[in-house]
Structures are given as C-alpha cells and as structure tokens.
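The values are calculated or read from the model by the stated rules, or taken from the named source; none is laboratory data. Just so you know, these numbers come straight off a predicted model, no measurement behind them. With ideal geometry, Cβ positions are generated from the backbone for all residues, glycine too; neighbour counts draw on all protein chains shown. These area figures cover heavy atoms from the full protein model, side chains too; ligands, DNA and RNA do not enter into them. Shrake-Rupley method; radii C 1.70, N 1.55, O 1.52, S 1.80 Å.
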Amino acid sequence: MTSLNGSGAPSRRSVIKSMGVAAAALAAPGVLRRAYAQDPIVLLTWETYHDPAWCKEWSEANGVEVKPVVIGSVDELFSQPFSGAIKPDVMYIETGSLPRFKEAGLITAFNTAKVPNIANITPKLDWKKYTTVGGEVVGVPYNWGTQPLMFNADVVKSPDSWAILWDEKYKGKVNVFDDCTIVFPMIALYVGAKDPFNLTDADFTACEKALRALRGQVRTIARGFDDATTIYAAGDAVIGYCQNIAVVTSLQDKGKNFNYSLPKEGTPTWIDCTGVSKKGDRDIVYKFINDNLATKWQARFIESSTNNGVLTAAEAKKGGVTEKTLKRTNLEDAEAGDFWQKLVILQKPEDFDRRLQIWNDFKAGTL
C-alpha cells in the first residue's frame, strides 16, 4: 500500500520504499541467462499468474526473455513504474483502476486487432463495458474473480452478510487484506451505499464509522495471497474478506475446513486486465499477450491456480481442466442465470485520494 500525492503519482517516499523490492525481483536468482536479441518483456503481475517455468518455456520458444515481477496490491502496481527500478511492458490491472493508469500515462490504447485469441474470452464477461476509457479500449481480461466472504466452517456457520465481520463474537479473528482499491467497495456495500463507486459525503461518514469499528475486529492485515493463507492456517483469523478464492482452495489443500459465500449486499468482483505501456507497444509483446489467452495457456493457468481465467467452463474442460478443479472455481457457477446479478464489478471511484486517506488512517489506528 502506498500513499499518493495530489497529482495521482506516488510520493517520493513511497517510490523509494518500493525500489528495493522491485530491483531484487529483477535480480533474483534463476532468471534466464541466455542472451536475447530483443529487449525483455517485463511484467508487473500477481501471485499464480505467470509461473517462471511457463515464462521460460515461452521465452525459449520465441527468443525473447519474459521477466515476471510479482506485486501485492493495486497501489503497489501503480507506484512501481514511477520508481525507475522497473520499466514494465505489461501490467495486470483491475477494471476500476484502468482510468487512473491511463490518466497517469502508465498504459496506452490496446490494439485488439493484434490479439485474435480475445475470441476465447467467455461471452458472460461483458468486459468492453469496463475496459473502455475515453472511447478507447485500454486492456483485455486475463483473469476475473469474486471477492467473497471467507470463513472457517468449523467455527462459522453459513454467513450471508458482510455484517458478520463486525460481530463481537469474532473480535480479533477477522482478516482483511491491504488494498484500499478493493476493500473500500465492500465497506460501502456493508453500509448500504446506493452506488459503492460514487459515495456521498454521508456515505463516506458511514464508511469511516464502519472502518473505525472494524479496526478492533482485525488482528492482522494480509499482505497478499500467501500471507492470508498463513494467517488463516495458523488460526489467527476465522473469517474475513477474501482477496481471491485461491486462498480458500489453498487452505482446503492443507486440510482446513474453509469455505466462502456471496453476501446478500453484493460481492465485489474484479476483472484483471492486461494493460500495455508505451514501451510495451511492440509486436512481440502482443504475441505474448495473445498466447496468454490461448486455450492451452489459460487451461494450465486455471488448473494450477484454481483461478477463473477467461474461458467458459466448457472450453476450460476442452483445454484439460479437471472436474475437480472446475468445482473450485466460479466457472460452473457463472453459467447460472442469476450469478452475475450477485456481483458488483469494480469501477472507477469518485475520489480515490479520499478513500486512500481514510484507509491509511484505518491501518494506522488514527481514524
């Protein structure tokens, strides 16, 4: 999580803080040693999205090195390019943040003509509605997912409302993750805001009050998928806001009885889109993006991570995704007629800086 100045660019302090992490990621052992004729393709991506072995395989087949750098939050994703430590070609950005990235000059118009595998994206995902900024498409989906209420089913029984996070019974056993962009809409839904992306002053006041009350419920804020899994596995949390259902399936793999539900107030839902920087506006980069949307690549991604990817359930099966894995994703659920009505797709907020200040005060305990 970073702080932003009034212009929308990260502060010098936040940039310096992120430089060491970025430089270490690019200098990590195990990167390809082969010399390539073209500049590498640098990715700012998420845990489970681009396995180094897959990137190595693609690099060797195409003669261009792919360097994936894993980030932990949307705010970190936004700050990294300003640090100078990383000059990304490709970034994976949720829909609500696309306007901010475009306005900051971090991404450019996306050339959909160079990515014929866009045809593989499930028609259930009305993605152009959320990826068009100023009349231009600025990204295409790579993965989508729900952000449900997750819980230890041995302790909590079938919760159906976000209100349970404020139940005194679970004081000190609630978890949320460190990402203002994605957590704030859940708070807005809980307080009953008519539009969780266009809050009134009264809505903001209600959100502040709710976050102030939530602070005493939360012992630890998760810094990513793996961190969340560790927190829940250790018993330091039994219920919380889920960053990705892969956290739930990871806990299930460890023999933990965790599950998730879609609360009646609505479930924030992200679509992570491939955005291209000016530096990345190259044919070889678009080839990489196109290959990432091939059924083979997507099916492997879904099978290994239990993410949703972008395929239909039928196409995923055709690509080799097992029935067991499908049941651990939202793909079969998404075929139901009312499924998408329960979801709230992330969109551009009315005042991100105001939200971020409230979130930082929440974390600091000064709200």
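Summary table
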read-out	value
Out of A113, A119, A109, sole residue that is open to solvent by 10 Å² or more (accessible area, probe 1.4 Å), touching a strand residue (DSSP E or B) at 6+ places or on another chain (Cβ under 6 Å) and not in a strand (DSSP E or B)	A109
Some residue of region 259-276 being surrounded by fewer than 17 Cβ atoms within 10 Å (Cβ to Cβ) and acidic (D, E)	no
Filtered residues of region 340-353 (kept if open to solvent by 70 Å² or more (accessible area, probe 1.4 Å) and either assigned to a loop (DSSP other than H, G, I, E, B) or modelled with pLDDT of 95 or more (or both))	Q347, K348
Wholly within region 219-293, strands (runs of 3 or more DSSP E) carrying at least 3 residues that are over 25 Å from K157 (Cβ atoms) and out of contact with any helix residue (DSSP H, G or I) (no Cβ under 6 Å at 6 or more places or on another chain)	267-276
Qualifying positions in region 313-339 - open to solvent by less than 50 Å² (accessible area, probe 1.4 Å) and either in contact (Cβ under 8 Å) with a residue 40 or more places away in the chain or β-branched (V, I, T) (or both)	E315, V321, T325, R328, T329, N330, A334
Filtered residues of region 97-127 (kept if closer than 28 Å to P185 by Cβ and of a type in the set (A, V, I, L, M, F, W, C))	L98, F101, A104, L106, I107, A109, F110, I118, I121, L125, W127
Residues (β-branched (V, I, T), under 22 Å from T269 (Cβ atoms) and open to solvent by 20 Å² or more (accessible area, probe 1.4 Å)) located in region 142-158	none
Failed criterion for S79 (all others in (1) among the small types (G, A, S); (2) touching a strand residue (DSSP E or B) at 6+ places or on another chain (Cβ under 7 Å); (3) surrounded by fewer than 20 Cβ atoms within 10 Å (Cβ to Cβ); (4) farther than 23 Å from T249 by Cα hold)	(3)
Failed item in (1) within 19 Å of I345 (Cα to Cα); (2) in contact (Cβ under 8 Å) with a residue 60 or more places away in the chain; (3) not in a loop (DSSP other than H, G, I, E, B), with L214 passing the rest	(1)
Residue that is surrounded by the fewest Cβ atoms within 10 Å (Cβ to Cβ), among those in region 159-172 that are of a type outside the set (A, V, I, L, M) and part of a helix (DSSP H, G or I)	E168
Positions within region 354-367 being assigned to a loop (DSSP other than H, G, I, E, B) and touching a Lys or Arg at 6+ places or on another chain (Cβ under 9 Å), in sequence order	G365, L367
Hits in region 51-75 - residues which are farther than 25 Å from A104 by Cα, part of a loop (DSSP other than H, G, I, E, B) and in contact with a Leu (Cβ under 9 Å, 6 or more places away or on another chain)	E65
Which listed residue, of I187, I182, is crowded, with 20+ Cβ neighbours inside 10 Å, modelled with pLDDT of 95 or more and not acidic (D, E)	I187
Residue match in region 159-174 (condition: under 21 Å from A222 (Cα atoms), at pLDDT below 95 and touching a Phe, Trp or Tyr at 6+ places or on another chain (Cβ under 9 Å))	no
Condition met for N175 (under 21 Å from the mean Cα position of the chain (by Cα) and open to solvent by 60 Å² or more (accessible area, probe 1.4 Å))	no
